[in-house]
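Student: My structure is below; once you've seen it, I'll send some questions.
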Amino acid sequence: MNLWPTNKEYLRGLVDSAIHNRIMRELHRHKAAPKRCEVTKSNHFWGVNYIDRDASHEMIAAGACSGFASQKSKARAKALSEWVERYAMKQAYQRDPKRFAHGSDGCAAYPVLMSRRKAVARARENALNEALERYVWAKWWDTPAIGHTIRRMDPQEMESYWSAINNIIEIESIYCVNPLVTTDGKHPASTLDILIARTRSGGILTGGAASPAESSADRRERAVSELLRHAIAFSRHSTINPKSFYEQRLVYFGSGAGSDLVESRLASGGTSAILLPDLAHDSEIDHPLKDLVVVYHCLFEGQPEFMGGRVERLCL
């Protein structure tokens with residue numbers, strides 16, 4: 001991986017910083033700005049968390065909005081876009097709690113650059129992929145009859161991604177699992193990558209992302225970002241006891257307690273494919289910063305809970 005930014009990356013960094021600063025000013029004006037910013041770096045990847053309180057006593061801050069990227073400016077912009085997404089979703093929940101019973105599942109934000117129409121299209125694409133990720137992952141884990149393909153990742157193929165994760169926790173292997181999905185022509189063909197990392201101590205950490213089949217590089221970066229976030233959080237469990245359900249599930253699998261369940265699911269010989277249903281929700285969310293950031297919401301009919309259920313579900 002080339003560690004020096006190209007001219008295009010440098011200019012993109014300037015744009016990301018300008019967008020970030022403009023959004024932050026508006027958040028302050030609405031008294032909705034994050035109160036704290038946590039910045040981490042592993043190898044050549046930056047991680048930024050925006051939170052509303054001191055979360056030093058938590059493994060993974062509830063409500064934290066995160067961004068990971070090879071450039072700090074991009075990581076900040078991603079984290080702040082997610083903050084606006086949560087801000088918009090909380091306001092929308094007050095208006096329609098039934099619609100947002102799944103929290104931020106299926107929500108996505110995208111900043112308005114030159115064209116608001118293009119921002120709406122990108123936000124909708126990201127929201128659809130977010131809904132698809134949660135729908136397919138939950139259905140796959142809960143239904144052994146659903147098949148998947150699996151491939152062991154080559155450390156050289158993953159370049160500095162591997163070393164960034166290994167700097168946090170020693171990794172023995174990483175597998176990419178792709179549940180079988182069919183859209184029946186209703187939705188664009190998309191792929192879900194579930195990265196399953198086995199640690200040297202026998203635990204399991206995950207990260208996932210969905211995108212159109214041809215967007216493999218972007219999908220891989222977003223899945224690794226989730227894996228990095230979970231690795232950082234799990235690395236804190238030696239000094240911080242898991243309190244939230246999210247933390248308890250993360251430690252259950254990260255410590256190795258759930259590894260046999262994962263091995264059993266990966267070894268199951270299911271051949272069925274998930275048929276994606278129609279969308280139950282497919283619209284933009286109105287919020288005070290909509291001229292700067294588009295927030296969109298998609299959910300499938302019968303969308304299953306992702307974080308719910310027993311701690312033994314590998315849905316993280």
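The values are calculated or read from the model by the stated rules, or taken from the named source; none is laboratory data. Because the structure is predicted, anything quoted here is derived from the model rather than measured. Note that we place each Cβ from the backbone using ideal geometry, even for glycine, and neighbour counts take in every protein chain shown.
Student: Pull up the stretch 107-149, narrow it to residues that are among the small types (Gly, Ala, Ser) and outside any helix (DSSP H, G or I), then point me to the one that is surrounded by the most Cβ atoms within 10 Å (Cβ to Cβ).
Tutor: Ala109
Student: Scan the stretch 152-181 for residues that are among the polar types (S, T, N, Q) and over 25 Å from Trp141 (Cβ atoms) and jot them down.
Tutor: Hits for the stretch 152-181 are Gln156, Ser160, Ser163, Asn166, Asn167.
Student: Another question, then. For Gly256, are the conditions met, namely being under 22 Å from Trp140 (Cα atoms) and in a loop (DSSP other than H, G, I, E, B)?
Tutor: Yes; evaluated as a whole, the condition is true for this residue.
Student: Looking at the stretch 276-311, which of its residues are in contact with a Leu (Cβ under 6 Å, 6 or more places away or on another chain) and farther than 22 Å from Glu82 by Cα?
Tutor: Passing the criteria: only Ala280.
Student: Take His30 and decide whether it is touching a residue at least 24 places away in the same chain (Cβ under 8 Å), farther than 21 Å from Gln71 by Cβ and either crowded, with 21+ Cβ neighbours inside 10 Å or more than 19 Å from the chain's Cα centre (by Cα) (or both).
Tutor: Yes: the conditions hold for His30.
Student: Is it true that some residue in the stretch 208-216 is of a type in the set (S, T, N, Q), over 24 Å from Thr149 (Cβ atoms) and not in a loop (DSSP other than H, G, I, E, B)?
Tutor: Within the stretch 208-216, none of the residues are of a type in the set (S, T, N, Q), over 24 Å from Thr149 (Cβ atoms) and not in a loop (DSSP other than H, G, I, E, B).
Student: Might you check whether a residue that is modelled with pLDDT of 95 or more, under 19 Å from Gly67 (Cα atoms), of a type in the set (Val, Ile, Thr) and within 21 Å of the chain's Cα centre (by Cα) occurs anywhere in the stretch 166-179?
Tutor: no
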